[in-house]
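Enquirer: Below is a structure I'd like to ask you about.
The values are calculated or read from the model by the stated rules, or taken from the named source; none is laboratory data. Small disclaimer: the values here were computed from a predicted structure and weren't measured. We place every Cβ from the backbone using ideal geometry, glycine too, and count neighbours over all the protein chains shown. All accessible areas refer to the heavy atoms of the entire protein, side chains included, with ligands and DNA or RNA removed. Shrake-Rupley method; radii C 1.70, N 1.55, O 1.52, S 1.80 Å.
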Amino acid sequence: MSIKSNIDHFIKDKKSTLLCIGPMSKNCVDATVELANEYNIPIFLIASRRQIETEYIEEGYVNNWTTREFSKYVKSIDKNKNIILARDHGGPWQGNYDLEKNLDEKKTIDNALKSFFDDIDNNFDFIHIDTSYRIDGKKVSKENSFKLFKFFFEECNNYAKIKKKKIYYEIGTEEQSGGTQTFEEIEENLDNVTKFCEKKSLEKPIFTVIQSGTKVMEMRNIGSFEQPVRIKNEIPVEIQLLKALEICKKYDFYLKEHNTDYLTNQSLSWHPKIGIHAANVAPEFGVAETLSLINLMESKKQYKLINRFIEISYNLKKWKKWVIDEKKCTDFDKAIMAGHYIFSSNEFIDLKKEFMKNCKLNESHINNLLKKSIKSSIKRYLTNFKLI
Amino acid sequence: MKKKKYCAIILNRNLPKVTNRLYKNLKDNNSNLDVYVLESGSDKNKISRHCTWYANWKSALKNGLRYSRGMNFALSKLDAENKIDNYEAFILLSNDTEFNNYSITGKIQSILKKHDKIGILSPCSKNWGEYQLLKKNKTKYFWFIHNSAYIITKKFLNAVKNKSKKPYMDYFFDGSNFRGYGSEFDIILKAYSNDFSAAITSEIIAEENTSYLLNSSKIIKTDNYEENLNRYIKEGETWLKKKYGFSDKWSINMTVKLFYDKFFEYYPQLKNYKI
């Protein structure tokens, strides 16, 4: 069965919501692959360019993997070919290197293309083209965003054709607004893409990202999905989501929700019933692993190591993008929400070795415990999404 | 066009100045509007000078009536006085409602003339996302309208009203849902299942001035904002469960949407007003 047929089967026949997991760490990748194979279900691994990047630019922060290494590793352990490898938010200024070097538009477009081509070379199945971001903070106009999309989409299609690879696409200029887009905007976007694909005789993208009232900050979902009161200038999610699904159906796209983390079981269980076709979850699993590690160290009375972990994570300041109000958030919480960013650093590797030595634990024992907690978090989604 | 008569009901609790201002603005700008004020358990010294009815029994004085029970009480009083049929529609307002332009009855009349299936009409706020949907077509039909200012047509009211021993509990709204979380679903469901529609119009702009609730909760004798919000949700969810067996808002939202879609199958000529 092709990937597309399998996706159709789970969405249309089984009425499930597909789960797309951010590869937050090697343990997270292992847990995902093991569950996908245990239950024989498709699960997406959606790698951002910060997590996994082409070796022609730099390695990602997840296990220091390049695209090639990551793909090779996943394929080697995914015995039943249940994992769908996907690029999440590929596009200009989406990579760490481009941001740090403050690259100009031409260079970042070159890099985005390099990154996409390497995804294709390394057997990724899906590519999400996101042309919504600019490093200077200026809003990308609809016209410019669409122009860039057409460029990347055509280039990737041509490259895949030359390389004889089958690539599926996800579109959508998603931003973590937690809010909503007007229906005209959504329709116009899908209509433009459809017409462009028809004109160029290209297969249409499968997924479109549409804001559905989700937004992750700190360790909770603060979007309108679970808000009982109005949010200024936003269409209530009760209207927005059902209408967005109607539009997707009209243009024959599947709706993919981003930032689904931390929704309650009740909200998650509504996803398949409402008809949300797929949903991305990422930081929640990183936090699950970090908390599990802290609990393990605590149970072994390794307080000094806990403090060191907190210090390393806090000092990296990756928590800044997740915090609502720095003053109201404790340093401990800041360190927890950003703990997964340090898992591949030398400081953390040394800390882990010291922990193993102090407590006479071997690495696989620790990793199994951490994977168990990640799996437990993932299973919450598998169950509520009617995948298992 | 002959002017029809309209009725506005203002719900007051301990904010007489705010209520008097709203009363005056409405009266000064609408010659064909009768305005009634319901005192929802206000303190004796905080009653509006335009008070029509005073809910002053023990529990009303202690907790107020809130929007649903208050409007039920006022509407049932009008019914008891045989006044329902005097009016084309009933404008049900909490006293913190502020209109951009208080001349509203002419607009209501022309909207209802054009849309004879409307049972519930809601003014729009410029701060609502829905405002963006009401640019070309200023009135459209919705399956969800969250507001505290509804305009109910006489035809709809007569189709669904209840006459019981405790009309403040069930005359129009379900008063067993005290704070009202989810009650909009309930009345919109009643509308579509009785062949009426529920619309929002940007021809009438109204805002809820939440500063009174945020800053004057002690004077209003209500819970502070956070506590009120928690109770509002908890009570509403309990009510949804008890009344419909639904565990959350999505169940009833999907149900109302089902009736909404059905409505347009029977009235395809109204599809222009579908969002």
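Enquirer: So, of the residues in region A:62-82 that are among the β-branched types (Val, Ile, Thr) and open to solvent by 10 Å² or more (accessible area, probe 1.4 Å), which turns out to be farthest from residue A:123 (Cα to Cα)?
Expert: A:77
Enquirer: Could you tell me which residue of region A:234-274 is farthest from the other protein chains (Cβ to nearest Cβ), considering only residues that are open to solvent by 20 Å² or more (accessible area, probe 1.4 Å), part of a loop (DSSP other than H, G, I, E, B) and of a type in the set (Asp, Glu)?
Expert: A:252
Enquirer: I've got another one for you. Starting from residues that are in a helix (DSSP H, G or I) and open to solvent by less than 10 Å² (accessible area, probe 1.4 Å), keep the ones in region B:112-131 and report whichever is farthest from the other protein chains (Cβ to nearest Cβ).
Expert: Ranking the candidates gives B:130 first.
Enquirer: Something else now. Open to solvent by 10 Å² or more (accessible area, probe 1.4 Å) and among the acidic types (Asp, Glu): which single residue out of A:104, A:119 fits that description?
Expert: A:104
Enquirer: Looking at (1) among the aliphatic types (A, V, I, L, M); (2) within 14 Å of chain A (Cβ to nearest Cβ); (3) crowded, with 24+ Cβ neighbours inside 10 Å, which is the only condition residue B:134 fails?
Expert: Looking at each condition in turn, residue B:134 falls short on (3).
Enquirer: Restricting the first residue to region B:64-77 and requiring it to be under 19 Å from residue B:154 (Cβ atoms), which pairs with a second residue that is open to solvent by less than 10 Å² (accessible area, probe 1.4 Å) and assigned to a helix (DSSP H, G or I) meet a Cβ separation below 9 Å and a spacing of at least six or different chains?
Expert: Every condition considered, the pairs that remain are B:73/B:60; B:75/B:84; B:75/B:157.
Enquirer: Also, I was wondering about something else. Output the number of residues of region A:307-357 satisfying the condition of being free of Cβ contacts under 8 Å to residues at least 60 places away in the same chain, among the hydroxyl-bearing types (Ser, Thr, Tyr) and over 11 Å from residue A:290 (Cα atoms).
Expert: Counting residues in region A:307-357 that are free of Cβ contacts under 8 Å to residues at least 60 places away in the same chain, among the hydroxyl-bearing types (Ser, Thr, Tyr) and over 11 Å from residue A:290 (Cα atoms) gives 3.
Enquirer: Is it the case, given these coordinates, that residue B:61 is over 16 Å from residue B:170 (Cα atoms) and either open to solvent by 10 Å² or more (accessible area, probe 1.4 Å) or hydroxyl-bearing (Ser, Thr, Tyr) (or both)?
Expert: Numbers: over 16 Å from residue B:170 (Cα atoms): yes; either open to solvent by 10 Å² or more (accessible area, probe 1.4 Å) or hydroxyl-bearing (Ser, Thr, Tyr) (or both): yes.
Answer is yes for this residue.
Enquirer: Turning to a different aspect of this structure: State whether the residues of region B:184-199 include one that is farther than 30 Å from residue B:271 by Cα and surrounded by fewer than 23 Cβ atoms within 10 Å (Cβ to Cβ).
Expert: No, that holds for no residue.
Enquirer: So, residue B:179, is that one closer than 21 Å to residue B:41 by Cβ, surrounded by fewer than 17 Cβ atoms within 10 Å (Cβ to Cβ) and within 14 Å of chain A (Cβ to nearest Cβ) or not?
Expert: no
Enquirer: Same structure, new question: Out of region B:258-273, which residues are surrounded by fewer than 19 Cβ atoms within 10 Å (Cβ to Cβ) and either within 14 Å of another protein chain (Cβ to nearest Cβ) or of a type in the set (D, E, K, R) (or both)?
Expert: Passing the criteria: B:258, B:259, B:261, B:262, B:264, B:265, B:271.
Enquirer: Here are some residues: B:87, B:141. Which one is within 14 Å of another protein chain (Cβ to nearest Cβ), of a type outside the set (S, T, N, Q) and under 18 Å from the mean Cα position of the chain (by Cα)?
Expert: On the way: B:87 fails: within 14 Å of another protein chain (Cβ to nearest Cβ).
B:141 is the lone residue from the list that is within 14 Å of another protein chain (Cβ to nearest Cβ), of a type outside the set (S, T, N, Q) and under 18 Å from the mean Cα position of the chain (by Cα).
Enquirer: Moving on. Check region A:22-34 and report whether any residue there is more than 19 Å from residue A:289 (Cα to Cα) and not in a loop (DSSP other than H, G, I, E, B).
Expert: no
Enquirer: Here are some conditions: (1) in contact (Cβ under 8 Å) with a residue 24 or more places away in the chain; (2) away from every other protein chain (no Cβ under 14 Å). Residue A:211 meets all but one. Which one does it not meet?
Expert: All conditions are met except number (2).
Enquirer: Would you confirm whether any residue within region B:151-167 is away from every other protein chain (no Cβ under 14 Å), of a type in the set (Gly, Ala, Ser) and without any contact (Cβ under 8 Å) to a residue 24 or more places away in the chain?
Expert: Yes, some residue in region B:151-167 is away from every other protein chain (no Cβ under 14 Å), of a type in the set (Gly, Ala, Ser) and without any contact (Cβ under 8 Å) to a residue 24 or more places away in the chain.
Enquirer: Can you say whether residue A:135 is surrounded by 14 or more Cβ atoms within 10 Å (Cβ to Cβ), at pLDDT 95 or above and either aliphatic (A, V, I, L, M) or more than 23 Å from the chain's Cα centre (by Cα) (or both), as far as the supplied structure shows?
Expert: no
Enquirer: Restricting to region A:275-304, what's the tally of residues that are open to solvent by less than 50 Å² (accessible area, probe 1.4 Å), closer than 28 Å to residue A:62 by Cβ and assigned to a loop (DSSP other than H, G, I, E, B)?
Expert: Residues that pass the stated criteria total 4.
Enquirer: Residues of region B:143-163 being in a loop (DSSP other than H, G, I, E, B), touching a Phe, Trp or Tyr at 6+ places or on another chain (Cβ under 8 Å) and surrounded by fewer than 23 Cβ atoms within 10 Å (Cβ to Cβ), which ones?
Expert: Correct list: B:148, B:161, B:162, B:163.
Enquirer: Now a separate question. Answer yes if at least one residue in region A:215-230 is away from every other protein chain (no Cβ under 14 Å) and either in contact with a His (Cβ under 7 Å, 6 or more places away or on another chain) or at positive phi (or both), and no otherwise.
Expert: yes
Enquirer: Scan the strands (runs of 3 or more DSSP E) fully inside region A:78-187 and keep the ones with 1 or more residues being of a type in the set (D, E, K, R). Before you say what the answer is, go through the steps one by one.
Expert: Values: elements: A:83-90, A:126-129, A:168-171.
Answer list for region A:78-187: A:83-90, A:168-171.
Enquirer: Still on this structure, please answer the following. Filtering region B:200-252 down to residues that are open to solvent by 50 Å² or more (accessible area, probe 1.4 Å) and under 17 Å from residue B:144 (Cβ atoms), which residue is nearest to the chain's Cα centre (by Cα)?
Expert: By that ranking, first place goes to B:208.
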